[in-house]
1. Can you pull out the residues in segment 452-494 that are closer than 30 Å to residue 49 by Cβ and within 13 Å of ligand 2 (Cβ to nearest atom)?
2. Go through the residues of segment 422-434 one by one and say whether even a single one is away from ligand 1 (no atom under 12 Å from the Cβ) and more than 21 Å from the chain's Cα centre (by Cα).
3. Looking at residue 128, is it modelled with pLDDT of 95 or more, surrounded by fewer than 18 Cβ atoms within 10 Å (Cβ to Cβ) and under 27 Å from residue 392 (Cα atoms)?
4. Of the residues in segment 111-135, how many are touching a helix residue (DSSP H, G or I) at 6+ places or on another chain (Cβ under 8 Å) and without any contact (Cβ under 8 Å) to a residue 60 or more places away in the chain?
5. Hey, does segment 504-517 have a residue that's part of a helix (DSSP H, G or I), surrounded by 15 or more Cβ atoms within 10 Å (Cβ to Cβ) and within 15 Å of ligand 2 (Cβ to nearest atom)?
6. Kindly establish whether residue 424 is within 19 Å of residue 469 (Cα to Cα) and either in a helix (DSSP H, G or I) or touching a strand residue (DSSP E or B) at 6+ places or on another chain (Cβ under 8 Å) (or both).
7. From the list 430, 396, 457, which one is under 28 Å from residue 355 (Cβ atoms) and buried (at least 24 other Cβ atoms within 10 Å of the Cβ)?
8. Those residues that are in contact (Cβ under 8 Å) with a residue 60 or more places away in the chain and within 16 Å of ligand 1 (Cβ to nearest atom), I need them from segment 404-421; list them, please.
Ligand SMILES: Cc1ncc(C[n+]2csc(CCOP(=O)(O)OP(=O)(O)O)c2C)c(N)n1
Ligand SMILES: [Mg+2]
């Protein structure tokens, strides 16, 4: 079978496999352990190799690429140090169910288990962080094992696959047939399950849908919205998955994230049927596992998920359906609609509560920079296809509550809660869609973790606009401190650089905004600059969430203390 095939190095076989699987972009920090792969990429100009500045940022970029396109984000890093830096992005891909292929250089095969220079046993290190870890010890098996890696990363519940590449294997020359592209495998809902689903929903009084998870194509998102609208079902979304259903539709009733509206939480608890599609119903979405009983949810639960392992894992569903999102959504959209549903008023009330929540909460003393007004302006200004990325931190409550997400625009955020995601994800999104507006939301803490990846976007197209919420603290943790240990502030205050000057030093557009009326002109200037931009929002540190102040939190905590 290999008689007429040319001899290729292991490195060339890796790149030939990437080509065969349709890889168009890859993110890397170089290392001497995988020089043969880099050299083979020299001859593969159709693969856009993005040279990043730190593997944590590179891994976040690959993860964001996977989230945005549905295709595996490809990451290339060197052995121990590179792989250790990259682990945050691999963990995020795992928790966020994002397809990803991580190629890691490894020490030569004859040196393994000597603790050679930078040697790490990647099967052990990545065991709980990745969906699968392998090492390719024979160059002729590169096509086979990379094919398996793409299959595993994309099928069922998607996730990251780590492939270790011993450096001497990459130098071996072998003949091997490369095949591709991968074909992701997803289950379909069966007719009996769909009929049962319809029967259960029709019998409900106060149903609510919860959409979330990964694997949503634009078509699948449109189908699930059609199903919800046809049956007048209220739809909320899981943590940082607000872009699945157009937030402007009358069915959309809000998100179950860290800043979930108390009215939505109450409604979810009052619902007699939950139709969860794609969401794992994890800790954040379930509001620390308070929304449903465990294992008996205490109400009718229809749980649709791509992975059999997630069904019945925490909550025992009335009806479990293993299905891919596209497969389920298409089938649901084709179901006969439920005529004159009795929950119409329930849905309208939930929607009215969501819309009322779009009006900013009034604070006793109006801050000079009114973030509610800034977000309302941005909601109107952002084009339909704008991509919004988000870091982890309390600032994310502002875009999550006040922006309205939709397709083909996107929300890319780490459901893993990993700080440092916002800038790299925005850089990756602006590389994939250089024609679109990309806005990255960050806190001052998260920005300083991976902000250097702004340098990666220079010379690579227009670049994102970063909105940096500066409250000079790790605000989220300060909030928890004030609740648990009021007034005892430790380890959370930050001294920051001059962010606008820092942006300028990168060659990016930089601006600093301290008053509400300064925001719109700064944003328009950033759009006009057509290059990476940082707009620092000098926020009132009192504004610890969209709904409360630090002082109010401290007073509540002090009042609740036993005297
Ligand atoms: C990589 C990482 N380290 C630490 C944390 C814990 N953590 C969660 S939010 C937060 C503070 C975020 O600060 P900032 O980015 O300034 O946003 P803010 O909460 O002030 O709005 C920290 C330290 C985390 N989630 N991720
Ligand atoms: Mg902060």
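The values are calculated or read from the model by the stated rules, or taken from the named source; none is laboratory data. None of these values were measured; they are calculated from a predicted model. Positions of Cβ are generated from backbone atoms using ideal geometry, with glycine treated the same way; all protein chains shown enter the neighbour counts.
1. Taking segment 452-494 first, the residues closer than 30 Å to residue 49 by Cβ are 452-468.
The answer is 467, 468.
2. Just the residues of segment 422-434 that are away from ligand 1 (no atom under 12 Å from the Cβ), to begin with: 424-434.
When the remaining residues are screened for being more than 21 Å from the chain's Cα centre (by Cα), the result is none.
No.
3. Answer is yes for this residue.
4. Within segment 111-135, the first condition is being touching a helix residue (DSSP H, G or I) at 6+ places or on another chain (Cβ under 8 Å), and the residues that meet it are 118-120, 122, 125-126, 129-135.
Among the residues that remain, those that are also without any contact (Cβ under 8 Å) to a residue 60 or more places away in the chain are: 119-120, 122, 125-126, 129-135.
Total satisfying the criteria: 12.
5. From segment 504-517, those part of a helix (DSSP H, G or I) are 504-506, 516-517; that's our starting set.
Still in the running and surrounded by 15 or more Cβ atoms within 10 Å (Cβ to Cβ): 506, 516.
When the remaining residues are screened for being within 15 Å of ligand 2 (Cβ to nearest atom), the result is none.
The answer is no; no qualifying residue exists.
6. Values: within 19 Å of residue 469 (Cα to Cα): yes; either in a helix (DSSP H, G or I) or touching a strand residue (DSSP E or B) at 6+ places or on another chain (Cβ under 8 Å) (or both): yes.
The answer is yes for residue 424.
7. Numbers: 430 fails: under 28 Å from residue 355 (Cβ atoms); 457 fails: under 28 Å from residue 355 (Cβ atoms).
Unique residue meeting the criteria: 396.
8. Step one: filter segment 404-421 for residues in contact (Cβ under 8 Å) with a residue 60 or more places away in the chain, giving 404-418, 420-421.
Within segment 404-421, 413, 414, 415, 416, 417, 418, 420, 421 meet the criteria.
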